[in-house]
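All remarks here apply to the structure that follows.
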C-alpha cells in the first residue's frame, strides 16, 4: 500500500517536497502492484476526462482562449521583474505586507514568525500547492503549531497521515469506502453509523470543520492568480472552505509562487474560463474569491503575502523549459496521462506528479537532484498532455529536452552499459561488412530462445525490454546472407 | 543584499536572453450574441444544473417570492443597503438582523445562528451561471453571504451578461469580489459532484424580468 510504503513526506532543508526519493521506474513498479489504486484512478480519471471534453467542447472559442492564455503567460515570464515590483507596490499601497522567500526554509520561517506573532497555536488552511511544496504543515507541526487542512480531499489525506497523489484531487487514490474508514478511525466525534455515500462524507467534514472556521484567528492560503496592476489575489475553489479562510480570521497569510502573476484584472477573463473547465470539468467552479490588500470592515484586517522562488528562477533560466512555469495547476495533463493513470501520483515523489510534475520538478531542482533525473522518462511521449493543456505547454518537447540534460549530467566517468552498447551499435551500423559479421551471431539468439521461439529475458540493461514482454527469436539467417545465397544459386 | 533583491536579481539573470514579449491574440469572444430573454434562459438552465433554485419574476413579485423562500427560516440577515420594499411584508421583526451601515457588523457566532441571508448582486454571467457580488451596500460584506446556510440572491436581468469578459468589464477589480456558481460543492470523492459543503448548502436565485433591451456592457 502506498501509505505504508511512503509515509509522510520527509522534510528537506532548502527546497521542500520537490524530489523523487527513488527512481520513477522502481516507485512505479511498487505502486502498480496496488490493484485497488489502479481501479480508483481509472474510475476517477475517466470520469473527469469525459466532463472536461464536454465543457471545453461547448465553447466556440476554446482554442482562441488557449492561444491568449499561452501568450499571456509567455508575456508574464518575459516581464516578470517589472510585474513583481508593481504587484509588491500595489499590495503595500492597499494595506498588505509583502515578504520574499528564496526557498522553502525561508518561507516556513516567515510563516512561523507571523503565526507566532498572533499568539496562536493553530491555523486553518486553504488547499495550496505552494504550501504543500514547501512542507509547511510539517514545519509548523515541528514548531508546535497545528495547521488544519480544510479542503475535503486534503483533510482525508491529512487524517490518514498520507500524502497527496494529485494536485486537484489529492485523495484521488482513495475510493469512498476507504474515505469512510479513514473518517471512522481518525475524525474525532464522527457518527459511528457513517455510510460511504459521498454526500454523507461531505457532511461529516462540514460538521468537523465548522467550529474551526468560526474561531480561527489565522488562515493560510495559496493563490491561483496575483494581479500585478492592482495587487489583487484570487483563490478558485468549490467547497466554501476557501471563502471561510479568506474571510473570517483576522489574519491572512498567502503563499504565492512568483510565476502566478497576471498583468491585469481583465486578464482573468481568459484564465477564469480556462481553469475550471480544464480542472474539475465544470463551466465554473462554485466559488472564486478576489481581494486586494485589506478592506476596512470586510475580511482579514492583517494581510501578508509571501512571494516564493524555491527553484522557479532555475526553471525560468531554462529557455526551453521556462514555459513549464505557465502552468495554472488545472491537472488536465495528469488526468489524460496513461502513465499517471497506472502508476499514480505517489510514484513521482514530488508534490507535482504527472506530466507537468515530470518537467516542473527537475526544472526547479535541476536534473541532478536526488532521483529527479528519472522523472522526464516517466512518459511514452504520446502528447495527450500537450493537447489537454489549457495554456499549451509543450510538455513532450520539454521532456525530451530534460532527458538530454539528464544524459549530459551523466557524461564522464566510467562508461555505462548503455554507453558501451550504443558505441558498439555505432561501430557495427556504420559499415556493412561489420554489420554482416555481427549478423553471423543470429543463430546464437535463436538457440537462446529455445523451443517456443521466444526470448523471455535479455541480459543487463536490455532486461528492461523483456520485463513485461517477450521478443521473438531472431531468424536463422540475416537478409544479407539470404540475398547472397539466392544470387549465388541463380 | 536583501532576499527581495536576491530574487529579483535571480529573475533578471534567468531572463538574460531577453525573451520577446508577445502580442496577446484576443480572438476569443468579447461580446455575447444572445438577447435578454435568451440570456435569462441560459442562466436558469445553468443554475438548475448546479442544483440552485431559479425563479424568474416581475419586479413587483420580488417581495412575495422572497417571503415564500424564507417561509421555513427562523431568522435571516440582510445587508443594510438592501431595497427595504423587498421585505415590507415582514410582520415578525425579530426574524430580521441587519448588517453594515449604522447597524454595525454581526459577529460570526450571530451569523452562524442565522438561517438565511438575502442579498442583491453586482453582475451575473449567463453562460457559466456565475453570480458576482462586489460588497456594495445591497450585498454586504463577504461573511454574511457565507455563513448562513441558505442564500437568497436577487439578480436583475439588466445585470446578466452572456460571457465573462462582458461581466468583468463592469466590475472594479480592487473590491472584494465573490463569484458564486451554485451552492457549495465538492468533487473530492471519486470526482463525483456533491452539492453542499461549507458554504451555503442552499442557493435560491430570483431573477427580475425587465422589459426593453439591455444597455450595452
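Overview of values
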{"quantity": "Members of the range A:212-235 found to be part of a strand (DSSP E or B) and facing chain B (nearest Cβ under 9 Å), listed by number", "calculated": "A:227, A:232, A:234"}
{"quantity": "Lone qualifier among A:280, A:251, A:292 - being buried (at least 24 other Cβ atoms within 10 Å of the Cβ) and farther than 21 Å from residue A:353 by Cβ", "calculated": "A:292"}
{"quantity": "Qualifying residue in the range A:336-357 (condition: surrounded by 24 or more Cβ atoms within 10 Å (Cβ to Cβ) and within 11 Å of chain B (Cβ to nearest Cβ))", "calculated": "no"}
{"quantity": "Among residues of the range B:89-144, those that are more than 20 Å from residue B:160 (Cα to Cα), exposed (fewer than 15 other Cβ atoms within 10 Å of the Cβ) and under 18 Å from the mean Cα position of the chain (by Cα), counted", "calculated": "0"}
{"quantity": "Matching residues in the range B:162-178 - criterion: being within 7 Å of chain A (Cβ to nearest Cβ) and within 14 Å of residue A:233 (Cβ to Cβ)", "calculated": "B:173, B:174, B:176, B:177, B:178"}
{"quantity": "Test: residue in the range A:251-270 that is part of a strand (DSSP E or B), more than 19 Å from the chain's Cα centre (by Cα), at the interface with another protein chain (Cβ under 7 Å from one of its Cβ atoms) and more than 23 Å from residue A:101 (Cα to Cα)", "calculated": "no"}
{"quantity": "Residues (more than 9 Å from every other protein chain (Cβ to nearest Cβ), out of contact with any helix residue (DSSP H, G or I) (no Cβ under 7 Å at 6 or more places or on another chain) and within 17 Å of residue A:186 (Cα to Cα)) located in the range A:201-211", "calculated": "A:207, A:208"}
{"quantity": "Criterion violated by residue B:23 - all others in (1) closer than 30 Å to residue A:312 by Cβ; (2) outside any loop (DSSP other than H, G, I, E, B) satisfied", "calculated": "(2)"}
{"quantity": "Residue in the range A:168-189 that is surrounded by the fewest Cβ atoms within 10 Å (Cβ to Cβ), counting only those that are in a helix (DSSP H, G or I) and within 9 Å of chain B (Cβ to nearest Cβ)", "calculated": "A:176"}
{"quantity": "Filter result (under 18 Å from residue A:88 (Cβ atoms), at the interface with another protein chain (Cβ under 7 Å from one of its Cβ atoms) and assigned to a helix (DSSP H, G or I)) within the range A:271-315", "calculated": "A:313"}
{"quantity": "Test: residue in the range A:253-270 that is closer than 24 Å to residue A:311 by Cβ and without any contact (Cβ under 8 Å) to a residue 40 or more places away in the chain", "calculated": "yes"}
{"quantity": "Filter result for residue B:182 (in contact with a strand residue (DSSP E or B) (Cβ under 9 Å, 6 or more places away or on another chain), surrounded by 19 or more Cβ atoms within 10 Å (Cβ to Cβ) and part of a loop (DSSP other than H, G, I, E, B))", "calculated": "yes"}
{"quantity": "Complete set of residues in the range B:89-106 that are modelled with pLDDT under 95 and in contact with a helix residue (DSSP H, G or I) (Cβ under 6 Å, 6 or more places away or on another chain)", "calculated": "none"}
{"quantity": "Selection from the range A:48-78 of residues that are touching a strand residue (DSSP E or B) at 6+ places or on another chain (Cβ under 9 Å) and at the interface with chain B (Cβ under 8 Å from one of its Cβ atoms)", "calculated": "A:72"}
{"quantity": "So residue B:77, is it more than 7 Å from chain A (Cβ to nearest Cβ), crowded, with 16+ Cβ neighbours inside 10 Å, in contact with a helix residue (DSSP H, G or I) (Cβ under 8 Å, 6 or more places away or on another chain) and on the phi < 0 side of the Ramachandran plot", "calculated": "yes"}
{"quantity": "Residue that is nearest to the other protein chains (Cβ to nearest Cβ), among those in the range B:147-161 that are part of a loop (DSSP other than H, G, I, E, B) and surrounded by 23 or more Cβ atoms within 10 Å (Cβ to Cβ)", "calculated": "B:147"}
{"quantity": "Condition broken by residue A:198, with the remaining ones in (1) within 29 Å of residue B:202 (Cβ to Cβ); (2) surrounded by fewer than 17 Cβ atoms within 10 Å (Cβ to Cβ) satisfied", "calculated": "(2)"}
{"quantity": "So residue B:84, is it without any contact (Cβ under 8 Å) to a residue 40 or more places away in the chain, surrounded by fewer than 18 Cβ atoms within 10 Å (Cβ to Cβ) and more than 8 Å from every other protein chain (Cβ to nearest Cβ)", "calculated": "yes"}
{"quantity": "Test for residue B:54: is it within 9 Å of chain A (Cβ to nearest Cβ) and modelled with pLDDT of 95 or more", "calculated": "no"}
{"quantity": "Filter result (closer than 19 Å to residue A:189 by Cβ and surrounded by fewer than 22 Cβ atoms within 10 Å (Cβ to Cβ)) within the range A:132-157", "calculated": "A:146, A:148"}
{"quantity": "Test: residue in the range B:41-49 that is closer than 21 Å to residue B:165 by Cβ, facing chain A (nearest Cβ under 8 Å), under 17 Å from the mean Cα position of the chain (by Cα) and part of a helix (DSSP H, G or I)", "calculated": "yes"}
{"quantity": "Test result for residue B:71, away from chain A (no Cβ under 12 Å), at pLDDT 95 or above and assigned to a loop (DSSP other than H, G, I, E, B)", "calculated": "yes"}
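The values are calculated or read from the model by the stated rules, or taken from the named source; none is laboratory data. From a predicted model like this one, the values you see are computed outputs, not experimental measurements. Note that each Cβ is placed from the backbone with ideal geometry, even for glycine, and that neighbours are counted across all protein chains shown.
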